[in-house]
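Peer 1: Okay, handing you the structure first.
The values are calculated or read from the model by the stated rules, or taken from the named source; none is laboratory data. Being a predicted model, the structure only gives us computed values, none of them experimental. Note: ideal-geometry Cβ built from the backbone for every residue, glycine included; neighbour counts use all protein chains shown. Heavy atoms of the whole protein, side chains included, go into the accessibility calculation; ligands, DNA and RNA do not. Shrake-Rupley method; radii C 1.70, N 1.55, O 1.52, S 1.80 Å.
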Amino acid sequence: MLDLTYTLPKPRVIAGARHDWELVIGMEIHAQVASNAKLFSGASTQVGSEPNSNVAFVDAAMPGMLPVINEFCIEQAVRTGLGLKAQINLTSAFDRKNYFYPDLPQGYQISQLYHPIVGMGEVLVEMSPGVARLVRIERIHLEQDAGKSIHDMDPAMSFVDFNRTGVALMEIVSRPDLRGPEEAAAYVAKLRQILRYLGTCDGNMQNGNLRADVNVSVCRPGQYEKYQATQDFGHLGTRCEIKNMNSMRFIQLAIDFEARRQIAILEDGGTVHQETRLYDPDKNETRSMRSKEEAHDYRYFPDPDLLPLEIEQAWVDDIAAQMPELPDAKKARFMGDFGLTDYDANVLTADLESAAFFEAVAAGRDGKMAANWVINELFGRLNKQGLAIADSPVSVAQLGGVLDLIASGEISGKMAKDLFEIVWTEGGDPAAIAAARGMKQVTDTGAIEAAVDAIIAENPGQVEKARANPKLAGWFVGQVIKSTGGKANPATVNEMVTRKLGL
Amino acid sequence: MNANELTIAAARDALRKGDLTAVDLTMSCLTAMDAGDGLNAFVHKTPEIALDQARAADARLAQGDAPAMCGIPLGIKDLFCTKGVPSQAGSNILKGFRPEYESTVTTRLFEAGAVMLGKLNMDEFAMGSSNETSCYGPAVNPWKVDDRQLTPGGSSGGSAAAVAADLCLAATGTDTGGSIRQPAAFTGIVGIKPTYGRVSRWGIVAFASSLDQAGPMTKTVRDAAIFLQAMAGHDPKDSTSANLAVPDFEAALTGDIRGTTIGIPKEYRMDGMPDEIEALWARGIAMMKDAGARIVDISLPHTKYALPAYYVIAPAEASSNLARYDGVRYGHRAKLTAGDGITEMYEKTRAEGFGPEVQRRIMVGTYVLSAGFYDAYYNRARRVRALIKRDFELAFAEGIDAILTPATPSSAFGLGEMASADPVEMYLNDVFTVTVNLAGLPGIAVPVGLDRRGLPLGLQLIGRPWAEGDLLNHAHVLETAAGFVAKADKWW
């Protein structure tokens with residue numbers, strides 16, 4: 001279905017003191033599954049509830065409590081896998097990742113280390129028209145989120161809120177296929193767009209519902225190609241993982257800082273140590289969180305409370321049959337069916353609501369004109385007022401009505417903009433407003449002819465010039481339209497001016 | 001005969017006939033329970049709950065719609081969470097813990113009208129074979145040799161002692177490596193570990209999730225059938241619970257095993273096994289043969305690896321299952337001193353709350369799961385487990401209906417006797433029983449005779465998965481043939 005030919009973007013090259021360096025980036029995205037209940041309990045996932053009010057006995061790890069898988073969350077993971085053109089594993093299993101922390105009541109996180117539900121997939125990340133990176137997805141697995149520790153409520157004590165404990169996350173693990181900060185951010189954006197199309201994650205980064213661990217390493221030019229040829233990580237540099245990033249901007253800044261930090265170490269003759277780091281946006285730097293030596297030994301083993309998860313191919317097929325059109329396909333279709341530019345198609349497919357609005361407006365109308373109006377007039381106006389498309393004061397029918405008046409020649413483009421403004425602020429049916437306020441383009445050739453004759457008669461000098469240089473005929477058109485109060489149909493005027501001047 | 005000495009079956013019939021009221025039966029047990037403090041079997045008594053339940057049972061009995069367990073006074077192992085009633089799993093780390101929920105097993109029992117007398121002693125977190133790791137001190141075996149106090153076995157030692165001493169009609173137990181069958185054998189009662197997945201684990205404090213299974217500890221095989229009927233069945237709250245219908249176990253007790261095939265595994269004939277055990281086993285074989293079963297020598301070649309594999313898998317799961325006892329949300333929390341942080345809170349809480357055997361198993365479990373050792377220990381143990389399971393599958397595939405083995409390598413030993421022994425000596429108690437847990441099969445211990453010192457000895461029958469009815473029928477035949485009626489002389 002997808003037929004976008006593209007060339008690869010150039011990797012970011014950072015010039016060191018001694019030589020050039022390239023970046024290699026892989027990501028683990030944690031996407032909260034859009035589900036009303038937790039992964040293994042019926043407790044609500046509602047954000048903003050009283051602390052510790054959405055906690056089932058099993059979430060609080062009360063003695064003898066057992067997890068029961070939430071089938072809806074499994075379905076969302078499968079849907080996401082299908083959306084990333086990934087292999088769906090009909091048998092997967094849950095493992096325990098053991099570590100002690102107060103916001104982890106069980107003393108382990110239930111995750112999927114050995115047998116994830118989704119295997120290899122891919123995401124096409126477009127950087128500019130015709131330039132894109134195909135990022136390989138290694139796996140998607142389901143796991144529990146942890147609770148929240150609160151350290152600033154009391155000088156002597158910490159508190160924990162288990163509302164988030166056990167909420168379902170999808171961890172989407174990429175291969176180290178990203179080559180620069182912009183690509184990394186574009187990848188997150190693309191993934192977010194796909195997840196939102198699928199409805200499997202709301203993509204809210206501010207709430208932490210979508211967050212990224214970013215693995216960064218640097219290497220000399222040429223090394224990455226050797227890695228790709230062999231898949232041998234030995235050709236690449238040692239990576240550091242920057243944890244818990246939830247802003248596109250900070251992801252880019254952190255990668256840039258981290259790459260330069262590693263380059264400085266290497267050019268100084270040092271070695272980069274594999275470690276986990278945190279980004280501090282205030283200081284724009286990454287700081288060591290724990291080294292490889294200090295890394296937890298998570299003692300993963302299969303969770304004996306849960307049988308291996310078996311799903312049926314027929315169930316997967318059912319989910320596949322209900323897949324929505326995804327961004328790449330929608331964009332290709334918009335370009336093909338409506339003749340949109342790459343840029344316009346990108347803008348209009350950025351999210352489902354925009355795309356749906358555009359399609360409704362474009363239905364039975366000129367696609368390009370619809371795109372122009374939706375992007376320039378409507379989106380421009382919405383942006384100016386900070387409104388979402390769902391809150392648009394101008395409906396599909398109203399914008400369509402304006403476009404219909406233009407298409408039938410009843411109003412000019414200039415009038416249409418005025419009319420749009422009236423509809424935006426006052427509401428109402430565009431055709432009725434245009435009629436009531438006399439916003440009608442003059443197509444009566446008699447009236448236009450009289451006006452053309454008058455302007456020609458009044459400006460003999462201009463007539464001479466225009467006959468010598470036909471490009472100047474536009475001046476007459478403008479004058480005629482002006483003399484009719486903007487109501488004269490420009491096409492009719494143009495045709496008549498050209499004829500009368502004998503051009 | 002006092003009412004507390006009745007079997008479930010006899011009490012059920014008497015209750016239904018109106019010869020006995022549930023309140024009188026319960027009073028009789030409460031009296032016996034109070035008189036039995038020397039056994040240290042009950043660690044928390046619930047007489048008010050018992051009498052309320054008994055009165056409700058009498059009302060149901062009067063209406064004539066009472067299930068079999070209606071009005072039957074039971075002891076509940078401390079491992080079961082019972083709503084509003086202390087449930088400490090025999091551990092200080094759960095000091096003061098009163099669950100806000102009722103385990104599925106006790107819920108089902110109470111819905112069937114059963115009466116809870118109180119909570120029963122056990123090894124801490126069910127880790128032990130002598131009940132000596134309990135934070136309450138050991139339960140004591142009603143059976144004695146001279147004046148030496150003996151262990152009732154473990155971990156369900158309180159359950160075994162209480163049933164054997166007629167403090168209750170029956171008790172719940174749990175069995176991870178033999179914790180129902182070994183104490184049953186040590187006290188001359190019947191204990192069945194059902195097929196893994198037959199009884200819900202929801203609300204039972206977890207030791208080793210892939211091995212834990214609850215079951216009844218009763219005076220007779222018939223009682224075990226009646227009791228298991230009320231406990232068993234699918235529970236959507238336990239993902240490992242099997243969605244299978246529960247057959248009528250009591251109806252399976254036909255007493256007819258003619259034409260069935262009993263396997264005698266040669267690997268269970270261990271070096272240094274006491275002749276008394278050997279002789280008991282031979283007697284059991286003869287009884288089954290006399291009852292018309294065909295006796296076949298079989299081989300379960302991986303048996304010798306079972307105990308080491310068990311003592312890798314069970315501690316591994318336990319080390320993770322017990323991580324939740326961290327002092328953050330419930331149970332014991334150590335007093336902290338200035339400068340102590342979260343690490344000190346964990347360390348002090350767990351050092352104070354867990355006894356030495358639990359600590360040992362947490363450390364073993366943590367070790368075998370750690371990076372670099374996982375494959376050598378945990379994964380290898382899982383492979384062994386698969387082979388052990390396959391041994392049994394092959395035997396059953398060849399037409400074996402049940403397997404007869406000794407239940408324990410000895411009769412009950414003295415309390416404190418193993419105190420200075422290598423922990424592995426204690427683990428050897430499980431040598432005949434752990435294979436059954438590793439393979440997820442049903443197994444039952446039946447009292448068959450007394451040893452020279454006058455202590456009970458039991459045999460174990462192992463059945464096909466989900467064939468508890470058939471297994472109980474074989475056990476019933478063995479029980480009848482053995483005619484074990486001895487009771488401990490009352491000293492408590």
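Peer 1: Given the structure, is B:R361 in contact (Cβ under 8 Å) with a residue 60 or more places away in the chain and more than 12 Å from chain A (Cβ to nearest Cβ)? Don't jump to the end; show me each part of the working.
Peer 2: Numbers: in contact (Cβ under 8 Å) with a residue 60 or more places away in the chain: yes; more than 12 Å from chain A (Cβ to nearest Cβ): yes.
Criteria met by B:R361.
Residue by residue, here is whether (1) assigned to a helix (DSSP H, G or I); (2) open to solvent by 60 Å² or more (accessible area, probe 1.4 Å) holds:
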| site | (1), (2) |
| --- | --- |
| B:L300 | no, no |
| B:K304 | yes, yes |
| B:S319 | yes, no |
| B:R350 | yes, no |
| B:E357 | yes, no |
| B:V368 | yes, no |
| B:A371 | no, yes |
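Peer 1: Kindly check whether there is at least one residue in segment A:81-92 that is in contact (Cβ under 8 Å) with a residue 24 or more places away in the chain, part of a strand (DSSP E or B) and crowded, with 18+ Cβ neighbours inside 10 Å. Lay out the reasoning, then the answer.
Peer 2: We begin by selecting, within segment A:81-92, every residue in contact (Cβ under 8 Å) with a residue 24 or more places away in the chain; these are A:81-92.
When the remaining residues are screened for being part of a strand (DSSP E or B), the result is A:88, A:91-92.
Checking which are crowded, with 18+ Cβ neighbours inside 10 Å leaves us with A:88, A:92.
Yes - at least one qualifying residue is present in segment A:81-92.
Peer 1: Restricting the search to segment B:373-396, which residues are touching a strand residue (DSSP E or B) at 6+ places or on another chain (Cβ under 7 Å) and either within 14 Å of another protein chain (Cβ to nearest Cβ) or surrounded by 24 or more Cβ atoms within 10 Å (Cβ to Cβ) (or both)? If you could, list the steps in order and put the result at the bottom.
Peer 2: Initial filter on segment B:373-396 (touching a strand residue (DSSP E or B) at 6+ places or on another chain (Cβ under 7 Å)): B:378, B:395.
Listed by number, the list holds a single entry, B:Y378.
Peer 1: For segment A:8-51, what are the residues that are of a type in the set (V, I, T) and touching a Pro at 6+ places or on another chain (Cβ under 8 Å)?
Peer 2: Taking segment A:8-51 first, the residues of a type in the set (V, I, T) are A:13-14, A:24-25, A:29, A:33, A:45, A:47.
Within segment A:8-51, A:V13, A:V24, A:I25 meet the criteria.
Peer 1: From the list A:D318, A:D305, A:D351, A:D342, which one is open to solvent by less than 50 Å² (accessible area, probe 1.4 Å), acidic (D, E) and modelled with pLDDT of 95 or more?
Peer 2: On the way: A:D318 fails: open to solvent by less than 50 Å² (accessible area, probe 1.4 Å); A:D351 fails: modelled with pLDDT of 95 or more; A:D342 fails: modelled with pLDDT of 95 or more.
Matching residue, one of A:D318, A:D305, A:D351, A:D342: A:D305.
Here is a yes/no grid of residues against (1) under 13 Å from the mean Cα position of the chain (by Cα); (2) more than 12 Å from chain A (Cβ to nearest Cβ); (3) crowded, with 22+ Cβ neighbours inside 10 Å; (4) closer than 30 Å to B:Q149 by Cβ:
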{"position": "B:R181", "(1), (2), (3), (4)": "yes, yes, yes, yes"}
{"position": "B:K219", "(1), (2), (3), (4)": "no, yes, yes, yes"}
{"position": "B:Q229", "(1), (2), (3), (4)": "no, yes, yes, no"}
{"position": "B:N243", "(1), (2), (3), (4)": "no, no, no, no"}
{"position": "B:T254", "(1), (2), (3), (4)": "no, yes, no, no"}
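Peer 1: Could you grab me the full set of residues in segment A:424-437 that are surrounded by 20 or more Cβ atoms within 10 Å (Cβ to Cβ) and either within 21 Å of A:L387 (Cβ to Cβ) or touching a strand residue (DSSP E or B) at 6+ places or on another chain (Cβ under 6 Å) (or both)? Talk me through it step by step, then tell me what you get.
Peer 2: Keep residues of segment A:424-437 that are surrounded by 20 or more Cβ atoms within 10 Å (Cβ to Cβ), which gives A:430, A:433-434.
Of everything in segment A:424-437, just one residue is surrounded by 20 or more Cβ atoms within 10 Å (Cβ to Cβ) and either within 21 Å of A:L387 (Cβ to Cβ) or touching a strand residue (DSSP E or B) at 6+ places or on another chain (Cβ under 6 Å) (or both), namely A:P430.
Table: residues versus (1) over 25 Å from B:A323 (Cα atoms); (2) open to solvent by less than 10 Å² (accessible area, probe 1.4 Å); (3) within 12 Å of chain A (Cβ to nearest Cβ).
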| residue | (1), (2), (3) |
| --- | --- |
| B:G75 | yes, yes, no |
| B:I93 | no, yes, yes |
| B:R98 | no, no, yes |
| B:R108 | yes, no, no |
| B:E111 | yes, no, no |
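Peer 1: Check whether at least one residue in segment A:32-40 is assigned to a strand (DSSP E or B), more than 10 Å from chain B (Cβ to nearest Cβ), within 30 Å of A:R239 (Cα to Cα) and modelled with pLDDT of 95 or more, and report yes or no. Show your work before the answer.
Peer 2: If we filter segment A:32-40 for residues that are assigned to a strand (DSSP E or B), which is where we start, we get A:32, A:37.
Checking which are more than 10 Å from chain B (Cβ to nearest Cβ) leaves us with A:32, A:37.
From what is left, the residues that are within 30 Å of A:R239 (Cα to Cα) are A:32.
Subset that is modelled with pLDDT of 95 or more: A:32.
Checking segment A:32-40: at least one residue is assigned to a strand (DSSP E or B), more than 10 Å from chain B (Cβ to nearest Cβ), within 30 Å of A:R239 (Cα to Cα) and modelled with pLDDT of 95 or more.
Peer 1: Another question about this same structure. Which residue is surrounded by the most Cβ atoms within 10 Å (Cβ to Cβ), if the candidates are limited to segment A:93-112 and must be in contact with a strand residue (DSSP E or B) (Cβ under 6 Å, 6 or more places away or on another chain) and hydroxyl-bearing (S, T, Y)?
Peer 2: Out of the qualifying residues, it is A:Y108.
Peer 1: Restricting to segment B:397-437, what's the tally of residues that are open to solvent by 40 Å² or more (accessible area, probe 1.4 Å) and closer than 24 Å to B:T261 by Cβ?
Peer 2: Summing the residues that are open to solvent by 40 Å² or more (accessible area, probe 1.4 Å) and closer than 24 Å to B:T261 by Cβ in segment B:397-437 gives 2.
Peer 1: Quick test of your reading of the structure: B:G339 fulfils all but one of (1) open to solvent by less than 10 Å² (accessible area, probe 1.4 Å); (2) of a type outside the set (D, E, K, R); (3) within 14 Å of another protein chain (Cβ to nearest Cβ). Name the failing condition by number.
Peer 2: (1)
Peer 1: Okay, moving on. Filter segment B:438-461 for residues that are open to solvent by less than 20 Å² (accessible area, probe 1.4 Å), more than 18 Å from B:K304 (Cα to Cα) and in a loop (DSSP other than H, G, I, E, B) and give the result.
Peer 2: B:P442, B:D451, B:L455
Peer 1: Consider segment A:448-471. How many of its residues are open to solvent by less than 50 Å² (accessible area, probe 1.4 Å) and touching a residue at least 24 places away in the same chain (Cβ under 8 Å)?
Peer 2: Of the residues in that region, 8 qualify.
Peer 1: So in segment B:82-91, with the set limited to residues that are over 16 Å from the mean Cα position of the chain (by Cα) and open to solvent by less than 10 Å² (accessible area, probe 1.4 Å), which one is nearest to the other protein chains (Cβ to nearest Cβ)? Steps first, answer last, please.
Peer 2: Start the filter on segment B:82-91 by keeping residues that are over 16 Å from the mean Cα position of the chain (by Cα), which leaves B:82-88, B:91.
Filter once more, keeping what is open to solvent by less than 10 Å² (accessible area, probe 1.4 Å): B:82, B:85, B:87, B:91.
Numbers: B:T82: 10, B:V85: 13, B:S87: 7, B:S91: 10 Å.
Step by step, filter segment B:82-91, then rank; the result is B:S87.
Peer 1: Now, a different point. Condition check: in a helix (DSSP H, G or I) and buried (at least 23 other Cβ atoms within 10 Å of the Cβ). Does B:A59 satisfy that? Working first, answer last.
Peer 2: Numbers: in a helix (DSSP H, G or I): yes; buried (at least 23 other Cβ atoms within 10 Å of the Cβ): no.
No; evaluated as a whole, the condition is false for this residue.
Peer 1: Could you identify the single residue in A:F233, A:F250, A:F257 that is aromatic (F, W, Y), in the same structural domain as A:G208 (by TED's automatic domain parsing) and surrounded by fewer than 15 Cβ atoms within 10 Å (Cβ to Cβ)?
Peer 2: On the way: A:F250 fails: surrounded by fewer than 15 Cβ atoms within 10 Å (Cβ to Cβ); A:F257 fails: surrounded by fewer than 15 Cβ atoms within 10 Å (Cβ to Cβ).
Exactly one of A:F233, A:F250, A:F257 is aromatic (F, W, Y), in the same structural domain as A:G208 (by TED's automatic domain parsing) and surrounded by fewer than 15 Cβ atoms within 10 Å (Cβ to Cβ), namely A:F233.
Peer 1: Of (1) open to solvent by 30 Å² or more (accessible area, probe 1.4 Å); (2) of a type outside the set (D, E); (3) within 14 Å of chain A (Cβ to nearest Cβ); (4) part of a helix (DSSP H, G or I), B:A282 satisfies all except one. Which?
Peer 2: (3)
Peer 1: Please pick out the residue among B:M69, B:M27 that is assigned to a helix (DSSP H, G or I) and more than 14 Å from chain A (Cβ to nearest Cβ). Explain how you work it out, then say what you get.
Peer 2: Details: B:M69 fails: assigned to a helix (DSSP H, G or I).
Within the list B:M69, B:M27, the selection yields B:M27.
Peer 1: Check segment B:22-37 and report whether any residue there is over 26 Å from the mean Cα position of the chain (by Cα) and more than 24 Å from B:S155 (Cβ to Cβ).
Peer 2: From segment B:22-37, those over 26 Å from the mean Cα position of the chain (by Cα) are B:23-24; that's our starting set.
Imposing the further condition that a residue be more than 24 Å from B:S155 (Cβ to Cβ) reduces the set to B:23-24.
So far as segment B:22-37 goes, yes, one or more of its residues are over 26 Å from the mean Cα position of the chain (by Cα) and more than 24 Å from B:S155 (Cβ to Cβ).
Peer 1: Then there is this: Considering only segment B:97-121, state which residues are in contact with a Ser or Thr (Cβ under 7 Å, 6 or more places away or on another chain) and among the aliphatic types (A, V, I, L, M).
Peer 2: Selection gives B:V105, B:V115, B:M116, B:L117, B:L120.
Peer 1: Out of the residues in segment B:4-21 meeting the condition of being surrounded by 23 or more Cβ atoms within 10 Å (Cβ to Cβ) and assigned to a helix (DSSP H, G or I), tell me which one is nearest to the chain's Cα centre (by Cα). Before you say what the answer is, go through the steps one by one.
Peer 2: So in segment B:4-21, the residues surrounded by 23 or more Cβ atoms within 10 Å (Cβ to Cβ) come out as B:4, B:6, B:8, B:11-12, B:15.
Next, only the ones that are assigned to a helix (DSSP H, G or I) stay: B:4, B:8, B:11-12, B:15.
On the way: B:N4: 21, B:I8: 18, B:A11: 22, B:R12: 23, B:L15: 27 Å.
In this case the residue turns out to be B:I8.
Peer 1: With the requirement that a residue be buried (at least 21 other Cβ atoms within 10 Å of the Cβ), aliphatic (A, V, I, L, M) and touching a strand residue (DSSP E or B) at 6+ places or on another chain (Cβ under 7 Å), what does segment B:473-488 give you?
Peer 2: Passing the criteria: B:A475, B:L478.
Peer 1: So A:V394 ticks every box in (1) in a loop (DSSP other than H, G, I, E, B); (2) modelled with pLDDT of 95 or more; (3) open to solvent by 60 Å² or more (accessible area, probe 1.4 Å) but one. Which box is left unticked?
Peer 2: Going through the list (1) in a loop (DSSP other than H, G, I, E, B); (2) modelled with pLDDT of 95 or more; (3) open to solvent by 60 Å² or more (accessible area, probe 1.4 Å), A:V394 breaks only (3).
Peer 1: Of the residues that make up segment A:269-286, is at least one surrounded by 13 or more Cβ atoms within 10 Å (Cβ to Cβ) and within 14 Å of another protein chain (Cβ to nearest Cβ)?
Peer 2: Checked segment A:269-286: no residue is surrounded by 13 or more Cβ atoms within 10 Å (Cβ to Cβ) and within 14 Å of another protein chain (Cβ to nearest Cβ).
Peer 1: Additional query: Mind listing whichever residues of segment B:187-212 are of a type in the set (V, I, T) and within 14 Å of chain A (Cβ to nearest Cβ)? I'd like the intermediate steps shown before the answer.
Peer 2: Just the residues of segment B:187-212 that are of a type in the set (V, I, T), to begin with: B:187, B:189-190, B:192, B:195, B:199, B:204-205.
B:V199, B:I204, B:V205, listed by residue number.
Residue by residue, here is whether (1) of a type in the set (D, E, K, R); (2) farther than 30 Å from A:M323 by Cα holds:
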{"residue": "A:V188", "(1), (2)": "no, no"}
{"residue": "A:D202", "(1), (2)": "yes, no"}
{"residue": "A:M205", "(1), (2)": "no, no"}
{"residue": "A:N215", "(1), (2)": "no, yes"}
{"residue": "A:P221", "(1), (2)": "no, yes"}
{"residue": "A:Y227", "(1), (2)": "no, yes"}
